[in-house]
1. Report those strands (runs of 3 or more DSSP E) wholly inside region 367-474 carrying at least 1 residues which are touching a residue at least 60 places away in the same chain (Cβ under 8 Å) and hydroxyl-bearing (S, T, Y).
2. Name the residue, out of E573, E591, that is surrounded by fewer than 16 Cβ atoms within 10 Å (Cβ to Cβ) and in contact with a Lys or Arg (Cβ under 7 Å, 6 or more places away or on another chain).
3. Checking the conditions here, which among D616, D677, D652 is in contact (Cβ under 8 Å) with a residue 24 or more places away in the chain and surrounded by fewer than 13 Cβ atoms within 10 Å (Cβ to Cβ)?
4. Take region 698-720 and flag every residue that is touching a residue at least 40 places away in the same chain (Cβ under 8 Å), buried (at least 17 other Cβ atoms within 10 Å of the Cβ) and charged (D, E, K, R).
5. Kindly indicate which of T424, T335, T367, T378 is more than 30 Å from E233 (Cβ to Cβ), of a type in the set (V, I, T) and touching a helix residue (DSSP H, G or I) at 6+ places or on another chain (Cβ under 7 Å).
6. Please pick out the residue among L697, L711 that is closer than 30 Å to C550 by Cβ, in contact with a His (Cβ under 8 Å, 6 or more places away or on another chain) and modelled with pLDDT under 85.
7. Within region 133-204, considering only helices (runs of 4 or more DSSP H) that don't extend past its boundaries, which have at least 3 residues that are farther than 22 Å from T70 by Cα, hydrophobic (A, V, I, L, M, F, W, C) and out of contact with any helix residue (DSSP H, G or I) (no Cβ under 7 Å at 6 or more places or on another chain)?
8. If you go through region 716-747, how many residues are of a type in the set (G, A, S) and more than 21 Å from Q769 (Cβ to Cβ)?
Amino acid sequence: MSPVHPVEEAATARAVIDENGTLVRWSEGAHRLLGYAPEEVEGRPAADLLDPGSGDAALPEPTSNRWSGTLSLRHRDGRTLSVWLLAHRRETKSEWLLVTPLEGEDRRAYDDPLIRAVLTQSPCAMAIYDERLRLYGINDAMAEVIGLPEARIRGLRISEIGDQRESERLEENLYGVLVSGEGRDVEVYMRSGGKDRAHAWMARIAPLTDADGRVRGVCLAAHDFTEQYRARERLQLVNEASVRIGSTLDVTRTAQELADVFVPAVADFVSVDLLDPPEHGGEPDSELPTAPVTLRRAAHRSVNPGSPEAVVMLGEVDVYPAASPQADSLIAGRTIVVPDANNTMEEWLTWDERRRERVAKLGVHATMSVPIRARGQTLGVAVLTRFRQPGPFTSDDVLLAEEVTARAAVCIDNARRFSRERQTALALQRSLLPQSLPRTAAMDAASRYLPAARAGVGGDWFDVIPLSGLRVAMVVGDVVGHGIQASATMGRLRTAVRTLADIDLAPDELLTHLDDLVVRLSEEAGAEGTTGEVGATCLYAVYDPLSRRCTLARAGHPPPYIAPPDGPPRQLELPAGPPLGLGGLPFESVEFELREGTVLALYTNGLIESRGRELDVGHQLLSRALEQSSHSLEWACHAILQALLPVGGAQDDVALLLARTRGLAPSQVATWDIPADPALVAPIRKQVADQLDVRGLSEATFTAELVVSELVTNAIRYGEPPIRLRLIHDAATLIFEVSDSSHTAPHLRRAKAYDEGGRGLLLVAQLTQRWGSRHTPDGKTIWAELTLAGED
């Protein structure tokens with residue numbers, strides 16, 4: 001925007017020509033010079049004003065952003081005038097401003113000896129402007145800076161001599177000093193002397209007063225501090241790089257941040273290509289690579305939207321031969337600038353015709369290849385390209401690029417190491433989690449596990465454990481922390497839960513034993529002085545399809561949700577219980593009746609807890625998403641994760657386990673009360689055989705009779721009444737359960753050659769797929785499972 005101050009527009013002839021050579025603006029000064037009114041010439045070709053007989057058949061083609069010279073112009077009355085013109089390319093890059101001082105203007109000589117001494121002898125560039133802010137005089141140093149003699153530009157305004165935007169800003173400050181009478185310093189960054197490369201200038205502006213103290217003009221002294229300015233810019237860029245690069249532990253994101261820092265401060269286009277990490281993990285090779293080099297494009301950035309300069313797209317692989325700057329810089333282990341004393345642009349473009357065409361089209365004139373190395377290992381290369389910035393890469397540019405790239409290399413290496421550790425932890429985590437959920441007669445189940453988006457793999461786990469009597473245990477837990485240590489702790493706890501579940505402990509008793517284990521793990525970790533305390537939460541539930549009852553206990557874990565087949569989802573109210581690892585505090589079990597078709601949802605807190613969201617909102621979203629469980633459990637898992645997790649991924653690990661309960665029909669269960677009389681074992685065998693015949697399982701009769709005979713005989717001989725036999729028939733399993741009031745559990749042992757007993761349980765173990773015992777409030781139960789498929 002032009003400054004607002006009392007200047008005489010008619011004191012200078014000004015015209016604006018567009019890219020087609022058409023006059024689009026004609027000033028009053030131009031009217032005075034050639035006699036044409038604005039309406040007579042605006043919209044016409046500027047070449048019409050040239051004198052056809054002078055040999056200037058067309059306007060000259062400028063080779064830079066400024067041009068000056070003398071042209072023969074035709075006056076409106078037919079005369080030919082020889083006019084010196086100064087032309088500037090405007091910021092739009094499509095228009096040119098032409099100016100010339102008008103002849104006959106007042107040219108007051110500055111013959112005062114003191115003024116002349118100041119102007120001629122001052123080592124810095126100086127200019128004097130009068131009350132109209134038109135150039136009054138300059139010294140030789142300023143004439144060299146401007147690149148034009150004083151005689152040609154005297155009488156012009158500063159905005160008519162130099163770069164449009166910065167000159168207008170300077171003119172505003174000249175006017176401010178003229179009005180206020182107070183000097184000021186202004187920093188500008190502009191081209192001078194018609195040069196394409198801009199310089200940084202410190203303009204010191206001071207008022208010039210007469211004997212009466214009136215301001216009669218202003219003096220401008222320019223000091224070139226380009227080196228200091230660029231040094232400051234480099235320092236700012238390095239500081240910016242230290243803040244912007246490495247904001248995440250993501251390799252691609254870090255590479256993109258490196259490219260973003262360089263554009264447009266150092267280059268017009270930057271590509272970052274990285275070597276692929278070793279296939280089976282481990283450290284990259286510390287030796288320098290050899291040609292040809294295979295690199296993958298990790299990031300690029302351009303001053304043009306969409307990066308049209310890119311020949312290789314993001315994620316693609318390209319092979320670079322020895323003639324390329326990418327391979328040469330990696331093989332040499334140092335930065336390579338092209339062109340330099342030994343290389344030209346044409347030489348390294350011979351290997352790729354696509355790049356040759358792209359370089360010629362864009363006008364690329366300089367490249368710089370900087371190896372990305374960290375901790376003695378080569379990670380990749382960053383290639384900086386210039387086609388809009390006119391100057392070549394200097395030694396300072398090389399130092400700056402190497403400094404920033406070195407910082408980025410450490411961040412990329414850290415990101416790779418984190419990614420490798422995360423993949424290792426994720427592989428460990430997934431190997432410790434169930435690969436598939438068991439199919440049971442008690443329920444259908446579906447599950448999901450998602451590691452945290454940024455924090456990495458944690459210690460969340462879930463499991464479904466088949467128990468005796470077709471019962472099923474479900475467990476969900478969360479170990480405090482992230483990484484391999486948390487995954488390893490999770491694996492130990494999951495193994496412990498399976499072991500404790502195998503002996504059929506009640507949920508509260510199981511959590512008590514698990515709490516003792518976590519306390520010991522924490523003590524071991526503290527003794528080693530490596531990982532600190534170990535903590536975890538856990539929810540354990542046991543569902544019995546015969547009674548359709550579910551017993552649950554939790555240790556500091558979020559309570560589950562249930563979705564009845566004909567009602568809205570709701571959260572179960574369970575005693576919270578202390579987190580695992582505190583030690584010495586009790587846990588409490590609660591029993592609920594679940595109708596067949598009820599969906600039970602167990603989860604970790606990463607599902608409902610989200611930054612910036614109220615916890616109640618998370619519970620509402622989960623309850624609403626659980627309504628999708630009426631379709632299928634897999635679809636319900638998907639709907640829950642979609643509804644509760646942010647787009648960028650969860651902030652913490654998420655484990656989700658859904659189970660839809662089933663029930664056994666009364667016809668699938670048969671029960672007999674056994675008197676404590678060994679003579680009645682044979683009739684019991686007969687009743688069991690008859691029951692199997694009724695159910696069409698006569699093929700299993702022989703094995704069933706042997707198992708029943710041994711279990712019932714042991715209960716009569718060693719147990720206490722009352723004794724009960726229960727036969728449970730599933731589609732693929734036949735289960736025998738003998739209960740009595742004794743709390744003494746039998747043990748499997750190998751009988752000696754002369755022992756008369758001790759072979760019963762060994763026989764049962766050989767004939768069945770599984771057997772075991774569990775304690776009940778009234779005594780114990782010995783059970784054995786026979787797979788019917790094995791009888792065919």
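The values are calculated or read from the model by the stated rules, or taken from the named source; none is laboratory data. Nothing here was measured: the structure is a model prediction, and the numbers come from that model. Here Cβ is always computed from backbone atoms with ideal geometry, including for glycine, and neighbour counts include all displayed protein chains.
1. Working: elements: 377-386, 443-450, 458-466.
In region 367-474, the matching strands (runs of 3 or more DSSP E) lie at 377-386, 443-450.
2. On the way: E573 fails: in contact with a Lys or Arg (Cβ under 7 Å, 6 or more places away or on another chain).
Unique residue meeting the criteria: E591.
3. Working: D616 fails: in contact (Cβ under 8 Å) with a residue 24 or more places away in the chain; D652 fails: surrounded by fewer than 13 Cβ atoms within 10 Å (Cβ to Cβ).
That would be D677, the only listed residue that is in contact (Cβ under 8 Å) with a residue 24 or more places away in the chain and surrounded by fewer than 13 Cβ atoms within 10 Å (Cβ to Cβ).
4. E710
5. Details: T335 fails: more than 30 Å from E233 (Cβ to Cβ); T367 fails: more than 30 Å from E233 (Cβ to Cβ); T378 fails: more than 30 Å from E233 (Cβ to Cβ).
The conditions single out T424.
6. Working: L711 fails: in contact with a His (Cβ under 8 Å, 6 or more places away or on another chain).
Result of the check over L697, L711: L697.
7. On the way: elements: 140-146, 150-153, 164-180.
Result: 164-180.
8. Within region 716-747, the first condition is being of a type in the set (G, A, S), and the residues that meet it are 719, 731-732, 739, 741-742, 745.
Filter again for more than 21 Å from Q769 (Cβ to Cβ), leaving 719, 741-742.
Looking only at that region, the number is 3.
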